[in-house]
Amino acid sequence: MKFRKAPRKTVTEASQTFSFTRRAMVLGGLQGGVGALLAARMTWISVAENEKYQLLAESNRVNLTLIPPRRGWIIDRHGRPIANNRTDFRVDIIPDRLADKDATVASLAKLLALAPEDVEKIHEQLEKAAGFQPVQVSDNLTYEQYAAVSVRLSELPGVAPSQGFSRFYPAGASVGHLIGYVGTASAEEYKERKDPLLITPGYKIGKDGLERSFDKALTGTPGAKRVEVTARGKIVRELTTRSDTPGKTLQLTIDAGLQEYAGRRLGTQSGSVVVIDCSNGDVLAMASMPSFDPNSFSDGIGSLEWEMLSQDDHVPLRNKALRGLYPPGSTVKPMVALALLEAGIPASDRVSCGGAMRVGNTLFHCHKRRGHGALDMRGAIAQSCDIYFYTMALRIGMEPIAAMARRLGMGQQFDLPFPSQSYGTVPDPAWKMKKYNEKWQAYDTVNATIGQGYMLANPLQLAVMAARLATGRMLTPNFLMGAKRTPAASLGASAEHLFTIREAMSAVVNGGGTGGAGRMTIPGVLLAGKTGTAQVRRITMAERRAGVRRDASLPFKLRDHALFQGFAPFDNPRYAVGCILEHGGHTIRNQDSAPIASDTLSYLFDPQKATEKLVELEKTWGGTPAERMAAQMAAFRVQKGLETALTPDQMNAANATVAAVANASTPSANESNAAEEQD
Amino acid sequence: MVPAPIARLPWHVMILLFAIAAFGCVVLYSAAGGNIRPWASNQTVRFIIFTIMALTLARMPVSRFASLALPGYAVMLVALILVELIGGVRGGSQRWINLGFMQLQPSEFMKPMIVLAVAQFYARLPVGELRTWNAVWPALALIGIPWALVLVQPDLGTATMILAGGVTVMFLAGLPLRLFIGTALTVAAIIPIAFSFLHDYQQKRVLIFLDPESDPLGAGYHISQSKIAIGSGGVFGKGFLNGTQSHLDYLPEGHTDFVFATMAEEWGLAGGILLILAFMLLFRWGIRVALRTEDKFARLTAAGLITTVFFYVAINLMMVMGLAPVVGIPLPFMSYGGSSMLTVMLCIGIIMAIDRSGRQRRTDWG
């Protein structure tokens, strides 16, 4: 068969040889062409694209690891550390270098006394981990544990003990809300900032409080380590290392000793104490208790501890000093009195208190059912007579009172380095119209003058009000040592009126008034102040007839708030204080607002004596806050059925502490009937 | 002065081979982290053994190869089928038969064997038949059967080389050009259509080959790392023993298929061009041997075999430079490994024999 269309072309040996020669030469030419093409291609890659590939080769070869910067210290006004860095010993496993996974983990578990759930977690992570990415076994080890692992390294291939830094708060829970805590950055935070430092192992950012507000200043510059690594991530050698620059030190106006004292002095109460320096508004202490231990938060809190804290009715997770809003109760009476004086009502004008008065359709009661009789302004403040203030306030109306409240810092939002603050309300006719579209009524004025109704304030505002009454200047709270401030403006109240108010506030404590329990034992130092009780429930007429129930007999959540604001010394004010006890109810004498405020201030004059007194008191409360928290945690574990492994001795100890705490917080043990007032 | 048998050795080509192989051993020495063992030493020993083998082949008469071409082809074909059967029984891909003293990889031997067989076919074909179908289909069958057997192993690289080697001989034998051009055009037209029939993952593989950087950690990893090694070498390289890509294990197969990248990283463009030039000289030698040979079988064989060696070099270099997919074709004399060196030396040995017979004839005439 022949090709159909093939031209008749005779193929001879000679023509075939010729064709072979031609085609072989073409073939040789093609080969040479391919060779030239390859040479050209290689030239392109290695000359034109040389820079690009050199970079790629370098980024293959060199691995840049960040060294987390040491966080700046937070120190108090005297230079005492409130937050510092502790050398942290940790142990990791490099999965690739493990010889016998199970045996290694088992011996580590024994050496470090790891809990079974931790061991399980390690196994889980080892399953997922690949190559040279370390898997954390444990951090926060003691030096002994670290050393125990280190000396056995030859038997434990793949185990890498190392040293880093972790945040430490020496005062523990008492600075929890003030300072906040640090933690590893969340996925969202990384997405937002895209900073590789955020995902560097061991690096933590400020999560709350001052740690969060000053995160930038406290974070230093990270160091870097350049190492040569193989494709599998094995480090061949270190190339260069640049050490980190620690963050800036942050000096606070806080007095660490006072802060811790205030936290401890709050005892088993759910409350807060704020102390302000009357010379410039510096905040010396701002404690909110109960609290959380920022140390355990910074290490990553356990779910059990979190559960316990969030279930506690004393709300340890809320910073009550800034975020707790309470009706200020009778603590506003000096403020109202100042408004009365400025409005032209003489201090000597008397009002006769018969125990109740009718405003509109409603009968308003004085906290003293039988009445106080005839009282002037000084007596009305000292005895906290409600009828006097109802009567007088109705004379001048709400506006001047609301204006005075605002000048004293109520309802004001201060410029503070905290993520959030609740700043309450000063009600007046315009506000009510705007908010509820209702006209202001006389009973609204009556309610507001005794700090009830719409009026709300936080403990810091209470302290600011005390400081402004004490100095006559519009001090603003400040947390940063040496911060630039404009001098505080005058309140605009006359010195004579202010003196009258201060004198009356001294009478509250020292002149047979409602705050007698807060008298100071420091020679020559008189505390001036004003107590307050804020009702959280309505007292019905039926209950009034039968006798108002004592707070002690009520469930915790229904008890009154106990408040105190004041300053010392009365004649030359140096320190102002605000204290609010949530549902304190004035039920326990040594844990009432006035004595707590008084003792806290006394620490500033005589720390040793104040501490001795506190230590005695704490014996009846079940120990220091740390001891009580540990006991609470142990009890919670028992309750959850988790700690069946407790020895009988431990069980007894835990139970005893819990019992002591319980005793201290129920009033039956030391019934005081210290209900100085009820509005 | 020099004894005649030694003087008559093809020294110029042997020096060329020695140079390439010595360079290969130097690169293997570096690839082993500055160590003779395990690669450089083994490679040297092998090269010496295979050189002796090639020189022995060179002393054989060309007619012996011609007479052995078709029987040898048949043996290899049977071996290929056996491999396929054994693989089918054992499950999975199988490329070799264990002969006890050595492992025989028939597909490797098929590369020179196909050239010999097709060359023998055209040598025997009467000249008048060259323009008929009878000149085409037997050759296509000779090529197609082993090609298909190797392709299903699957070994795309070797199958391509078998096909290319056979077709080269067909081309040289003098078949009408329009057959080749027509086939090439048809294939070019079919490729896009065939592509659309591929599965998604297969299409992805092809696309990744076209743009390896799109998947630098997956399928494109080999090519990416190879290009990084070559590109970062620059004009004169990073220096002997200073390659980071190879020494830190970023370059996979740095002593076998990607040995050129290992070399280029340390010796740069200069080393690469020299090596390519050396190979070009070798090919020129092979083509010239073919051109000056009168015997039809011999000249087809010489040109076909040198082209087989050329395909090794071209496919390998295109692969390491990102111009071809990763198909596992080693670089002759440079890549560590015995069987490819054996095949290449078989080719060289046979070409030497053809060269020798040609020279003898010319001297006889002269």
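Filter segment A:82-120 for residues that are surrounded by fewer than 17 Cβ atoms within 10 Å (Cβ to Cβ) and at pLDDT below 80 and give the result.
Result: A:Asp96, A:Arg97, A:Ala99, A:Glu117.
Yes/no per residue for (1) in contact with a helix residue (DSSP H, G or I) (Cβ under 8 Å, 6 or more places away or on another chain); (2) surrounded by fewer than 19 Cβ atoms within 10 Å (Cβ to Cβ); (3) assigned to a loop (DSSP other than H, G, I, E, B):
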site: A:Ala504; (1), (2), (3): yes, no, no
site: A:Ala507; (1), (2), (3): yes, no, no
site: A:Gly512; (1), (2), (3): yes, yes, yes
site: A:Thr521; (1), (2), (3): yes, yes, yes
site: A:Leu526; (1), (2), (3): yes, yes, yes
site: A:Gly529; (1), (2), (3): yes, no, no
site: A:Arg538; (1), (2), (3): no, yes, yes
site: A:Glu543; (1), (2), (3): no, yes, no
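Among the residues of segment A:237-257, which ones are surrounded by fewer than 24 Cβ atoms within 10 Å (Cβ to Cβ), of a type outside the set (Asp, Glu) and either part of a loop (DSSP other than H, G, I, E, B) or within 17 Å of the chain's Cα centre (by Cα) (or both)?
A:Ser243, A:Pro246, A:Gly247, A:Lys248, A:Thr249, A:Leu250, A:Thr253, A:Ala256
Does A:Asp313 satisfy the criteria of being over 40 Å from the mean Cα position of the chain (by Cα) and not in a helix (DSSP H, G or I)?
no
Give the residue that is nearest to B:Phe236 (Cα to Cα), with candidates limited to residues of segment A:42-60 that are over 60 Å from the mean Cα position of the chain (by Cα) and surrounded by fewer than 18 Cβ atoms within 10 Å (Cβ to Cβ).
Ranking the qualifying residues of segment A:42-60, first place goes to A:Thr43.
Do we have A:Leu581 as at pLDDT 85 or above, closer than 19 Å to A:Thr514 by Cβ and touching a Gly at 6+ places or on another chain (Cβ under 7 Å) here?
When the stated conditions are applied, A:Leu581 passes them.
Can you tell me which residue in segment B:285-301 is farthest from A:Met42 (Cα to Cα), limited to those that are of a type in the set (A, V, I, L, M) and more than 9 Å from chain A (Cβ to nearest Cβ)?
B:Ala298
Among the residues of segment B:302-317, count how many are more than 7 Å from every other protein chain (Cβ to nearest Cβ) and closer than 27 Å to B:Thr262 by Cα.
So the answer is 8.
Could you please give the count of residues in segment A:497-526 that are of a type in the set (Gly, Ala, Ser) and either on the phi > 0 side of the Ramachandran plot or under 34 Å from the mean Cα position of the chain (by Cα) (or both)?
7
Please indicate, with yes or no, whether at least one residue in segment B:323-344 is modelled with pLDDT under 95 and facing chain A (nearest Cβ under 8 Å).
Yes, the conditions are met somewhere in segment B:323-344.
Filter segment A:8-24 down to residues that are within 7 Å of chain B (Cβ to nearest Cβ) and not charged (D, E, K, R) and give me whichever is surrounded by the most Cβ atoms within 10 Å (Cβ to Cβ).
Among them, the one singled out is A:Ala24.
List pairs: first in segment A:100-112 and over 16 Å from A:Ala160 (Cβ atoms), second part of a helix (DSSP H, G or I), Cβ under 9 Å, 6+ apart or cross-chain?
A:Asp102/A:His123; A:Ala106/A:Val119; A:Ala109/A:Pro116; A:Ala109/A:Asp118; A:Ala109/A:Val119; A:Ala109/A:Ile122
Pairs needed: first member in segment B:264-284, within 25 Å of A:Leu30 (Cβ to Cβ) and more than 8 Å from chain A (Cβ to nearest Cβ); second member anywhere, among the aromatic types (Phe, Trp, Tyr) and crowded, with 22+ Cβ neighbours inside 10 Å; C-beta distance under 9 Å; at least 6 residues apart or different chains.
Partner pairs satisfying both residue conditions: B:Leu274/B:Trp267; B:Leu275/B:Phe260; B:Leu275/B:Trp267; B:Leu282/B:Phe310.
Got a number for residues in segment B:316-336 being surrounded by 23 or more Cβ atoms within 10 Å (Cβ to Cβ) and assigned to a helix (DSSP H, G or I)?
Number of matching residues: 4.
Anything in segment A:577-614 that is of a type in the set (D, E, K, R) and within 19 Å of A:Val283 (Cβ to Cβ)? List them, or say none.
Correct list: A:Asp599 only.
Do we have any residue at all in segment A:161-184 that's without any contact (Cβ under 8 Å) to a residue 60 or more places away in the chain, over 20 Å from A:Pro69 (Cα atoms) and either more than 14 Å from chain B (Cβ to nearest Cβ) or outside any loop (DSSP other than H, G, I, E, B) (or both)?
no
In the set B:Ala159, B:Ala188, which member is buried (at least 19 other Cβ atoms within 10 Å of the Cβ) and among the aliphatic types (A, V, I, L, M)?
B:Ala159
Taking the options A:Glu616, A:Glu627, name whichever one is charged (D, E, K, R) and either at pLDDT below 90 or not in a helix (DSSP H, G or I) (or both).
Only one candidate passes the filter, namely A:Glu627.
Just checking: which of the helices (runs of 4 or more DSSP H) contained wholly in segment A:325-420 hold 2 or more residues that are more than 39 Å from the chain's Cα centre (by Cα), more than 30 Å from A:Lys216 (Cβ to Cβ) and of a type in the set (Gly, Ala, Ser)?
The helices (runs of 4 or more DSSP H) meeting that bar number zero.
From B:Phe180, B:Phe197, B:Phe171, which residue is over 25 Å from B:Leu305 (Cα atoms) and either surrounded by 11 or more Cβ atoms within 10 Å (Cβ to Cβ) or more than 14 Å from chain A (Cβ to nearest Cβ) (or both)?
B:Phe197 is the lone residue from the list that is over 25 Å from B:Leu305 (Cα atoms) and either surrounded by 11 or more Cβ atoms within 10 Å (Cβ to Cβ) or more than 14 Å from chain A (Cβ to nearest Cβ) (or both).
Of the residues in segment B:157-211, how many are among the basic types (Lys, Arg) and more than 28 Å from B:Ala141 (Cβ to Cβ)?
The total comes to 2.
Mind checking which residues of segment A:132-146 are outside any helix (DSSP H, G or I) and either exposed (fewer than 12 other Cβ atoms within 10 Å of the Cβ) or among the hydroxyl-bearing types (Ser, Thr, Tyr) (or both)?
Once the filter is applied, which keeps residues that are outside any helix (DSSP H, G or I) and either exposed (fewer than 12 other Cβ atoms within 10 Å of the Cβ) or among the hydroxyl-bearing types (Ser, Thr, Tyr) (or both), segment A:132-146 yields A:Ser138, A:Thr142.
Six or more apart or on different chains, Cβ under 7 Å: which pairs go from a residue in segment A:34-54 that's within 7 Å of another protein chain (Cβ to nearest Cβ) and on the phi < 0 side of the Ramachandran plot to one that's among the basic types (Lys, Arg) and part of a helix (DSSP H, G or I)? Could you list them?
Sorted first by the residue in segment A:34-54, then by its partner, the pairs are A:Ile45/B:Lys227; A:Tyr53/B:Lys227.
When segment A:57-81 is examined, which residues are found to be at pLDDT 85 or above, closer than 30 Å to A:Leu178 by Cα and not in a loop (DSSP other than H, G, I, E, B)?
A:Ile74, A:Ile75, A:Pro81, listed by residue number.
The values are calculated or read from the model by the stated rules, or taken from the named source; none is laboratory data. No experiment lies behind these values; they were computed from the predicted model shown. When we count neighbours, we look across all protein chains shown, and the Cβ atoms used for this are built from the backbone with ideal geometry, even at glycine.
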